[in-house]
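I have placed the structure first, in the form of structure tokens, so that the comments after it can refer back to it.
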Amino acid sequence: MSDFRDWEKRSPRPLFEEDEAEDFYDDDDDDYNGRAPLFLKVIAWVSVLILLFAGGYWGTSLTLQYLDKRQIISQQNVVSDPGEARRVAEESSEIPGIGARKSGFEVFIPRGDVLESETVAHVPGLLEDDVKGVITDLLDTMRTENTISEQVRVLHVFRNGDLLYLDLNDPFVRVVQNLPEAKANLVMTSLVRSIVKNFSPVVRVRFLINGKDPELKTPVDLTMPWQLKTS
């Protein structure tokens, strides 16, 4: 009968002892298996949210278009392009249901020795943009009627409290210099009154030329802000 110790010597032995085998495997691998990294989870959730948002937006748009075509609901007071907005503004000075500023602006055009009042249509927006548009139209009218001979352009408009800065190009100085004093004062009053009348809380207008303070003092003084006389 073989000795038990001899049989133990002949039997195959494992490559590693139990303690060594545990050290051979990294515990971190067990934690990693079956679990995605955090940044992949974040990307996945963000992608899902984007898809849900896009799907909801697209679905809502299609639903509103369908309901509008079936006249189940209708979108009132909505315009699709600037041309349609301009047409609506010309038809009505106030659009029902919309809290926008008026689209009819009163301007004062120098004709002869007096100022004649006219109402012009203009799609309302920011105050500065409205001033630029209205004064540009007024200057174009003066040029068409030969009140002024130069192509005067409004460069910038900005407001500080009740003072509005109107920045014009160089030809405006030549226009004023070439006019008689009475006519030059009428043109200046036309501009100031058209601004003050329509754009509260503005009560004073400071004229700039290419962003700089003008030095012209005759026939009218452009070095100081202009303000209408109060009775």
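Some notes on this structure:
- Pairwise label distance in nanometres, SER117 with GLU215, each label 7 Å out on the Cα-Cβ vector: 4.1
- Pairwise inverse Cα distances across the range 101-227, averaged and inverted, put the Kirkwood hydrodynamic radius at 14.5 Å.
- In range of the label at GLN177: residues from the range 139-171 whose backbone nitrogen is under 20 Å from the point 7 Å along Cα→Cβ: 143, 147-155, 167-171
- A simple rule links phi to the HN-Hα coupling: the Karplus curve 6.51 cos²θ - 1.76 cosθ + 1.60 with θ = phi - 60°, which for the range 204-211 gives 10, 10, 10, 8, 10, 10, 6, x Hz, with x for Gly and Pro.
- Order of ASP221, ASP137 under a 10 Å beta carbon neighbour criterion, fewest first: ASP221, ASP137
- With a cut-off of 13 Å between beta carbons, the residues surrounding ASP167 carry a summed charge of +2, where Lys and Arg count +1 and Asp and Glu -1.
- For the range 163-221, the square roots a ≥ b ≥ c of the C-alpha gyration tensor eigenvalues yield an a/c of 1.5 or more together with a/b not exceeding b/c, which makes the shape oblate.
- Protection proxy ranking, highest mean first, for peptides 207-214, 146-153: 146-153, 207-214, where packing is the per-residue count of other beta-carbon atoms within 10 Å, averaged.
- Inter-site label distance for THR223 and ASN146 at 7 Å from Cα along Cβ, in nm: 3.5
A short reminder: the numbers here are calculations on the coordinates, not readings from a lab. Keep in mind that this is a model prediction, so the values were computed, not measured. So basically every Cβ, Gly included, is an ideal-geometry build from the backbone, and we count neighbours across all protein chains shown.
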